[in-house]
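Asker: Submitted below is the structure of interest, expressed as structure tokens.
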Amino acid sequence: MSLDNPTTPQFKANARQALANENLQSALRGARNGFVNGRAAARAKLGPDEFDALRDAGRDLKNHVLANLGDYLEAYEAKVTASGGHVHWAETAEDARAIVLDICEQAGAKTVNKGKTMISEECGINDHLAAHGIKPVETDLGEYIIQLRGEHPSHIIAPAVHVTVPEVRDAFMEAHPHLDAERDLSGLDTLLAEARGELRAKYFEAEVGITGANMLIAETGQSIIVTNEGNGDLSQSLPKVHIVMASIEKIVPTMEDAGTVLRILARSATGQDMSVYTTLSAGPRRAEDPDGPEEYHVVLLDNGRSNMLGTEFQDMLRCIRCGACINHCPVYQTVGGHAYGWVYPGPMGSVLTPSLIGVEEGGQLPNASTFCGRCEDVCPMRIPLPKMMRHWREREFEKKLTPGATRWGLGVWAWFARRPALYRLGTRMGMAALRVMGRGRGKLASVPLAGGWTGSRDMPAPQGDTFMAQYKRAQR
Amino acid sequence: MSARDRILSRIRKAEAPAAEHLAAPVPGIASLEGAARIERFCAQVEAASATLSRLDSFEALPAALADELRQRNLPAAIRMGADPDFAHLDFGGLQVSHGPGRIEEPATLSRATFGMAETGSLVLLSGPDNPVTLTFLGETHFAVLQESDVKAGFEDVFAGLRAAGHDPRTVNFVTGPSRSADIGQTLQLGAHGPVALHVFLVAGGVE
């Protein structure tokens, strides 16, 4: 996948490949329970209903921000400028690339250190810098691993979740040829120590550090990053220039509002009460400061977001990128993030991708859902993800982008659904046939025309009667 | 029209539905007072894989620090900023150096402005007194905090920052030592920042 050529339209083929990839499946199995159990435990440690009350507050807060986004962005910009920083407005990914490159060239940068930022992924910053002779170095451990492997993140908070330990070992052996080829890399701790040692030197070499922003505070002009490793802070404190890349909807009005979001962010993401490092940054180093950057730039990215305001997709702009919907999604858990084919995977990606790159390219993703509803159940900002995926399916159908066989099948179904007597006769006959086929075992290993469904699990054979028959009996 | 004007004009034309700015609820863990607050702070510091010891006064710091360094098999040396609370202390045999963090820093010392009982976080402000790089480059990071500066939750911390008129380049909330689960989905301490964090909680202070 490359950012300019999403493989999103080939989601089905991607998913088939992912299912057949035993390495990927083993990595996904390893990650599944940790996130889900962690969130549940963190939620349980608060008082009854407190977590859900905070989710309501988070939803209401972002609705207020989106209703007044223009005013808050202007207030934020004024504060950043007053603290000696610079705000750059980018309408598109291309604009953002040009702005970042210009700042880096002005700084005479040869190396740019990166804290983890999905906006940078969305804009394809790394390839653009590299094409202009500037070396981007990812410093988040997961991002470092996938950069060595020439990959993109497969998860918004755990970018290397698809990589197994032996694969990390292989990547380090290849990327660090200056180290002893016979060294012991058997333990996880030895791998961590090696990455730490390699990156420590790089922090002191870079002229520019790029981070993302979990939030921007209008009241103070501060940008916030939330990390566990400390790489984002080293990337923004040691180089002489700090660039923050943030999308316009990251604004919150006050520090207290940021506190409300922080209370649900880490609990939803990793199951921590609070991530290790939460840093509020405003402007460049002060006159008397012995460390910190001499320049502070914020790149505010729109890239399609302002077009979502006031539409049925506005609620998606409440997203705080915790990854809970991804962690709880049975489709993501089965195929991993790369199958989604662009920057944002899972349920949030299925809604956001068509908004940002168009339904023609991204329209396959909203179909990658069983509508089980777990994503909405766990979303800290109460984003109605399944509802928005349905809206995208409708748009895809209206634009006649849905494959012919699907349109034909839906047409046949609609014809029957409008003729209840025929529909009920049909379901009765179908049920009887399935019951005969599954006799004695209570389940079916294969069903005609449903090989895709039964390929990885059995279909339960119908027990008892049709719904309508049972309903009528109960009414009597 | 500039990119800024075009973005703002699209936003203003969009007519997002009106919504009030409501006060958010404060969870019980962020509203503790007195001994319960200190008790929660200490418990949360340890839950975040940091360690904590209590001192009667700042004067007890040099001996306690020397002792911790010895027990951790670290050199008898410490890097710190120009914080006035450290300036008058006699660190005796410890080799003290002042300034921002360097590429290898076995042990660094910072003065935390606040603690936050809600999550066991330290709140550090960057500047000459406590250079921000000391918080991230020390392999073992020591932080000193006065009991009276332990706040209940975010609300009191932010109120405290406003009241004191602090305007640092960074406000750092630190909750335990650095960590990562990016290799094999297994949590390990000491990713890029400190491998260990130790808090000296000094009794008393002015409320």
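The values are calculated or read from the model by the stated rules, or taken from the named source; none is laboratory data. If you're wondering where the values come from, they're calculated on a predicted model, not measured in any experiment. When we count neighbours, we look across all protein chains shown, and the Cβ atoms used for this are built from the backbone with ideal geometry, even at glycine. The protein model used for the area step is the full one, side chains on, heavy atoms only, and it has no ligands, DNA or RNA in it. Shrake-Rupley method; radii C 1.70, N 1.55, O 1.52, S 1.80 Å.
Asker: From the list A:240, A:202, which one is more than 9 Å from chain B (Cβ to nearest Cβ), over 13 Å from residue A:298 (Cβ atoms), at pLDDT below 95 and surrounded by fewer than 24 Cβ atoms within 10 Å (Cβ to Cβ)?
Answerer: A:202
Asker: Next up: Check every one of the helices (runs of 4 or more DSSP H) wholly within the stretch A:1-70 and list those with 1 or more residues that are touching a strand residue (DSSP E or B) at 6+ places or on another chain (Cβ under 9 Å), closer than 25 Å to residue A:376 by Cα and at pLDDT 95 or above.
Answerer: A:50-67
Asker: Of the conditions (1) within 20 Å of the chain's Cα centre (by Cα); (2) closer than 14 Å to residue B:154 by Cβ; (3) facing chain B (nearest Cβ under 8 Å), residue A:229 clears all except one; give me its number.
Answerer: (2)
Asker: Among the numbered criteria (1) more than 9 Å from every other protein chain (Cβ to nearest Cβ); (2) in contact (Cβ under 8 Å) with a residue 24 or more places away in the chain; (3) aliphatic (A, V, I, L, M), which one does residue B:29 miss?
Answerer: Condition (1) is where residue B:29 drops out.
Asker: Something else: Specify the residue that is most open to solvent (accessible area, probe 1.4 Å); the eligible residues are those in the stretch A:432-476 that are closer than 30 Å to residue A:16 by Cβ and in a helix (DSSP H, G or I).
Answerer: Here the answer is A:453.
Asker: Which residues, counting only those in the stretch A:41-66, are facing another protein chain (nearest Cβ under 8 Å), open to solvent by 30 Å² or more (accessible area, probe 1.4 Å) and under 30 Å from residue A:298 (Cα atoms)?
Answerer: Hits for the stretch A:41-66 are A:60, A:63.
Asker: Name the single residue that is most open to solvent (accessible area, probe 1.4 Å) among those in the stretch A:317-331 being away from every other protein chain (no Cβ under 14 Å) and part of a helix (DSSP H, G or I).
Answerer: A:330
Asker: Please go through the stretch A:283-306 and give me each residue that is over 22 Å from residue A:352 (Cβ atoms) and touching a Phe, Trp or Tyr at 6+ places or on another chain (Cβ under 8 Å), ordered by number.
Answerer: Result: A:283, A:284.
Asker: Taking interchain pairs and intrachain pairs at least six residues apart, which have beta carbon atoms under 9 angstrom, with the first residue in the stretch A:5-18 and within 17 Å of residue A:334 (Cβ to Cβ) and open to solvent by 100 Å² or more (accessible area, probe 1.4 Å) and the second part of a loop (DSSP other than H, G, I, E, B) and among the small types (Gly, Ala, Ser)?
Answerer: Matching pairs, first to second residue: A:12/A:368.
Asker: Name the one entry in A:370, A:334, A:353 that is touching a Leu at 6+ places or on another chain (Cβ under 6 Å) and either surrounded by fewer than 24 Cβ atoms within 10 Å (Cβ to Cβ) or part of a helix (DSSP H, G or I) (or both).
Answerer: A:353
Asker: Any chance you could count how many residues in the stretch A:72-99 are within 9 Å of chain B (Cβ to nearest Cβ) and over 22 Å from the mean Cα position of the chain (by Cα)?
Answerer: Matching residues across the stretch A:72-99 total 8.
Asker: Among the residues of the stretch A:162-185, is any within 13 Å of another protein chain (Cβ to nearest Cβ), surrounded by 21 or more Cβ atoms within 10 Å (Cβ to Cβ) and outside any helix (DSSP H, G or I)?
Answerer: Yes.
Asker: Right, something else. Within 11 Å of another protein chain (Cβ to nearest Cβ), within 21 Å of the chain's Cα centre (by Cα) and modelled with pLDDT of 95 or more: is that true of residue B:38 in this structure?
Answerer: no
Asker: Looking at the stretch A:251-277, which of the residues that are touching a Lys or Arg at 6+ places or on another chain (Cβ under 9 Å) and part of a helix (DSSP H, G or I) is surrounded by the fewest Cβ atoms within 10 Å (Cβ to Cβ)?
Answerer: A:255
Asker: While we're on this one: Which members of the stretch A:261-316 meet the condition of being within 7 Å of another protein chain (Cβ to nearest Cβ) and β-branched (Val, Ile, Thr)?
Answerer: A:276, A:278, A:279
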